[in-house]
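The values are calculated or read from the model by the stated rules, or taken from the named source; none is laboratory data. Model, not experiment: these values are computed from the prediction. Cβ: placed from backbone, ideal geometry, glycine included. Neighbour counts: every protein chain shown.
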């Protein structure tokens, strides 16, 4: 059997000053450039008519169904406020998840040697969501935005849920709430990273065992998982933002 | 050999709990949808969120198993 090449951390391709530029960083930038460029191009070419066709129709369908889903979770007013961030999360994660299914991703790369003479392999393209640094970054953005949104809506009353001296029970509950905010970061980051990285390993193993036809059902599964994980990340952020904006109830 | 056993045991134990949890969540959600089909869209969203929470536990053990195996 051929030897599998599985590396948990992203592989550095070259060095820029003191920073290792990894393949997932480059891919992340490429995904961003693609999304920004596409939206820019589309917004220059918008047409207003009864029957929209082609690319604009598909883009409107995606945006509209996401918007309706968010309205059913958070209501119209809050959806208008949170939509840009949540939709960006969804699209960015969706595209980087689906990248792993393209042929050549994870297989075309550079061979090299490390200091001990072991051969190393660095694929040129690695989906950003299969790199823990990228998912941790996304999780940090998401959790800090939850705090910012909560503070914006409730101002200093927001911190009542964390630090509360009214009675000992509420004080302990406040400490638990602080821990739960921190654990949100870990669970956001690990859920996305684990799912996508495990999918990549699953595809690699099934390709190594039986190269023909056998990986096909797993590819279908990975398309589904990529969509579900992007949706879960976006909707969870929305739900947490929604609860952060609600006033902390005084009496139970 | 022992290392492989530990890796397999980690993911086996870690997968068992979430599997039961996801089964229970979906069973209850289907029950709710059957009783109240108009609310099925809302139930579905909450169901997927609950599955994501339960599945996160399995993912933790999967990440542990992968770290044990490949580092």
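Structure above, values below:
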{"quantity": "Filter result (farther than 22 Å from residue A:150 by Cβ and either more than 24 Å from the chain's Cα centre (by Cα) or without any contact (Cβ under 8 Å) to a residue 24 or more places away in the chain (or both)) within the stretch A:63-80", "calculated": "A:64, A:65, A:67, A:68"}
{"quantity": "Some residue of the stretch A:81-100 being in a helix (DSSP H, G or I), within 14 Å of chain B (Cβ to nearest Cβ) and either farther than 17 Å from residue A:195 by Cα or free of Cβ contacts under 8 Å to residues at least 12 places away in the same chain (or both)", "calculated": "yes"}
{"quantity": "Subset of the stretch A:182-203 [surrounded by fewer than 17 Cβ atoms within 10 Å (Cβ to Cβ) and away from chain B (no Cβ under 11 Å)]", "calculated": "A:182, A:185"}
{"quantity": "Residue A:160 vs. criteria within 14 Å of another protein chain (Cβ to nearest Cβ) and either within 30 Å of residue A:79 (Cβ to Cβ) or crowded, with 19+ Cβ neighbours inside 10 Å (or both)", "calculated": "no"}
{"quantity": "Residues located in the stretch B:35-48, provided they are closer than 20 Å to residue A:195 by Cα and either exposed (fewer than 13 other Cβ atoms within 10 Å of the Cβ) or more than 10 Å from chain A (Cβ to nearest Cβ) (or both)", "calculated": "B:47"}
{"quantity": "Residue match in the stretch A:82-101 (condition: modelled with pLDDT under 90 and touching a strand residue (DSSP E or B) at 6+ places or on another chain (Cβ under 6 Å))", "calculated": "no"}
{"quantity": "Residue count, the stretch A:9-30 (criterion: buried (at least 16 other Cβ atoms within 10 Å of the Cβ) and either under 24 Å from residue A:91 (Cα atoms) or under 16 Å from the mean Cα position of the chain (by Cα) (or both))", "calculated": "8"}
{"quantity": "Subset of the stretch A:65-80 (residues that are within 12 Å of chain B (Cβ to nearest Cβ) and in contact with a helix residue (DSSP H, G or I) (Cβ under 8 Å, 6 or more places away or on another chain))", "calculated": "A:69, A:70, A:71, A:72, A:73, A:74"}
{"quantity": "Counted residues, the stretch A:196-235 - those being free of Cβ contacts under 8 Å to residues at least 60 places away in the same chain and assigned to a helix (DSSP H, G or I)", "calculated": "13"}
{"quantity": "Failed condition for residue B:57, given (1) within 11 Å of the chain's Cα centre (by Cα); (2) more than 24 Å from residue A:230 (Cβ to Cβ); (3) touching a residue at least 12 places away in the same chain (Cβ under 8 Å)", "calculated": "(2)"}
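Residues are listed down the side, and each one gets a yes or a no for (1) under 18 Å from residue A:198 (Cβ atoms); (2) more than 14 Å from every other protein chain (Cβ to nearest Cβ):
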| position | (1), (2) |
| --- | --- |
| B:10 | yes, no |
| B:14 | yes, no |
| B:18 | yes, no |
| B:33 | no, yes |
| B:50 | no, no |
| B:56 | yes, no |
| B:67 | yes, no |
